[in-house]
Amino acid sequence: MKNKRIICLALVLMLTLGAAACSSSKEDTSSKASAPAITNEEKTIPEKHDKIRDGSDADSTDTEDVKEDTPLSDIVPESGEKGVYEGIRAAEGKMYADGMYTRPESPLAEYNAVTEKAADDTAPHLEETAPDMPAVEEPDEEYPGDDELIIDDPVVDDPIYSPAPEARLLTAGEWNDNENWGFFTNLVKSGRVEFPSYGIDPRHRYEVNVNKPDGTALANAKVTLCNSRGEAIWNAVTDKNGKAYVFDPSNEYGSYVIAESGGKSQTGIIAELSIDPGIDDDTPSGQEMPLTIREDKIEITLDTDAKAYKDMDIMFILDTTGSMGDEMMFLQKEFSELTKEIGTQNARFSVNFYRDKGDEYVTKCNDFTTDTAALQKALNDEFAEGGGDTPEAVDKILEETMLKSDWRDESVKIAFLIFDAPPHDGTEETIIKAVKAAAEKGIRLIPVVSSNSERDTELFGRAIAITTGGTYVFLTDDSGIGDSHLEPIIGDYKVEKLYDIIIRLVNSYRQ
């Protein structure tokens, strides 16, 4: 009897629940029938992003799909903010691969933009569960650089708020200490900067200007600074303006300069001026000696024809340790475009990589070539990894590239060193040898100092730029990409896109 009662109660309960379900189904159908139609403009994936961000639908199982037969619930994890973001990125990556999704031009536009097909797929779910959120609109003002920032690859980081490290977004500044020598000298005298830096001492500099008898500049002349015994101290090559820089860290008196070109040579004397400091009642006896000042500019006239170099050898040296991801993506993204704009008719290129001892490799170098596709592949095969401690194998890569690479004798030579850490202590001898070899061959070293750098990296970069006739380039925070960038101790400068600076500098050295 007891069992029969239980069976009857169960039947009654089942009938009651069935009736309630039918009533609920009719109410849902009625509600949907009376709801306003949703247009394609309203059916947007960003609404789903809002819904997931506030957690209102983190556990939903009937979410929008990327393809008709692939629900997003198979991609988006059920819970956890980080997992949700990863799922969104994966979904958008699939949409991109299927030609359904293209990244828009700004982070805010990225928040709002989706394709019509994605909207159609997501409409039923969004109609039922999307919370009431205010529409996000594009600002009236033009997004900086919108006309140039064409981003067509899948989202790498947060798909809504973080711009990817695209080449055309990286910003930088440039400062030439040789052209602002008074400013540099004052920094040194004030003690705000100190040298030598890893063996390189740019303080005792002589500017040599070599001209023809008619006053026009003599490019590509060899300039040698000799001591009083006739021993060569420093060698350099004049640029297209007939200018070269030589250095005497010993600051020895009696030194002189020789300029050579076209089988002819001319000596330039370094003037030593004696100035009477004057004597007064407070001057101690025995300290009335004249003050000797050395003139730091030497003018040389050489009666020979100037020979301009049409060919160019352009090298990129890249630190590939773990902190250099943004800079690596810059070069990977824009190398082909850079080479096209520079041109390969008279230019060869080389890309070289380095890390540090104990990493997968210390240096990895490539010969100069006009096969930019092969170099692009070599770039694309690299990724940022390793390092660990702050210093890296800068000495090894400079030794490999400045001393052993196949630079042509009659070519304009430029080397961009893209890095964020200085050499190791104890490598000064190798560094000096490599930098002096670069100066002698006429290789203009252009450091590009990246994020997380410290003051010793800045001073090292400026030292090698000064002593090779190059210029100092540094990334800035203006792009909002990557970690913080060190503000150098320099005068006023213009913020530019790194891509534009590289093109401008190459053209400035072109003869």
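The values are calculated or read from the model by the stated rules, or taken from the named source; none is laboratory data. Predicted model, so just to flag it, every value in this text is computed and none were measured. Counting neighbours? That spans all protein chains shown, and the Cβs are built from the backbone with ideal geometry, glycine included. The accessibility values were calculated without ligands, DNA or RNA, using every heavy atom of the protein model including side chains. Shrake-Rupley method; radii C 1.70, N 1.55, O 1.52, S 1.80 Å.
Miscellaneous remarks
- Inside the range 224-245, residues that are touching a residue at least 60 places away in the same chain (Cβ under 8 Å) and of a type in the set (A, V, I, L, M, F, W, C) make up a count of 4.
- Selection within the range 391-429 - of a type in the set (Ser, Thr, Tyr) and part of a loop (DSSP other than H, G, I, E, B): SER405, SER411, THR427
- Every condition in (1) within 19 Å of LYS433 (Cα to Cα); (2) touching a Gly at 6+ places or on another chain (Cβ under 8 Å) is met by GLU385 except one, and the failing one is (1).
For (1) surrounded by 19 or more Cβ atoms within 10 Å (Cβ to Cβ); (2) in contact with a helix residue (DSSP H, G or I) (Cβ under 6 Å, 6 or more places away or on another chain), each residue gets a yes or a no:
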residue	(1), (2)
THR304	no, no
LYS307	no, no
MET312	yes, no
PHE316	yes, no
GLY322	no, no
ASP326	yes, no
GLY343	no, no
ARG348	yes, no
VAL351	yes, yes
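- Flag if GLU194 is open to solvent by 60 Å² or more (accessible area, probe 1.4 Å) and either free of Cβ contacts under 8 Å to residues at least 40 places away in the same chain or outside any strand (DSSP E or B) (or both): yes
- Selection status of TYR499, in contact (Cβ under 8 Å) with a residue 12 or more places away in the chain, open to solvent by less than 20 Å² (accessible area, probe 1.4 Å) and either under 22 Å from ARG168 (Cβ atoms) or not hydroxyl-bearing (Ser, Thr, Tyr) (or both): yes
- Residue satisfying all of: in the range 399-410; touching a residue at least 60 places away in the same chain (Cβ under 8 Å) and open to solvent by less than 60 Å² (accessible area, probe 1.4 Å); farthest from PHE353 (Cα to Cα) among these: TRP407
- Taken together, the criteria place LEU318 among residues that are of a type outside the set (Val, Ile, Thr), assigned to a strand (DSSP E or B) and within 19 Å of TYR499 (Cβ to Cβ).
- One residue stands out among those in the range 292-336 that are under 22 Å from LEU445 (Cα atoms) and among the acidic types (Asp, Glu): the one that is farthest from the chain's Cα centre (by Cα), which is ASP311.
- Scope the range 197-233; condition open to solvent by 30 Å² or more (accessible area, probe 1.4 Å), of a type in the set (D, E, K, R) and not in a loop (DSSP other than H, G, I, E, B); matching residues: LYS222
- Among the residues of the range 234-257, those identified as assigned to a loop (DSSP other than H, G, I, E, B) and open to solvent by 10 Å² or more (accessible area, probe 1.4 Å) are ASP239, LYS240, ASN241, PRO249, SER250, ASN251, GLU252, TYR253, GLY254.
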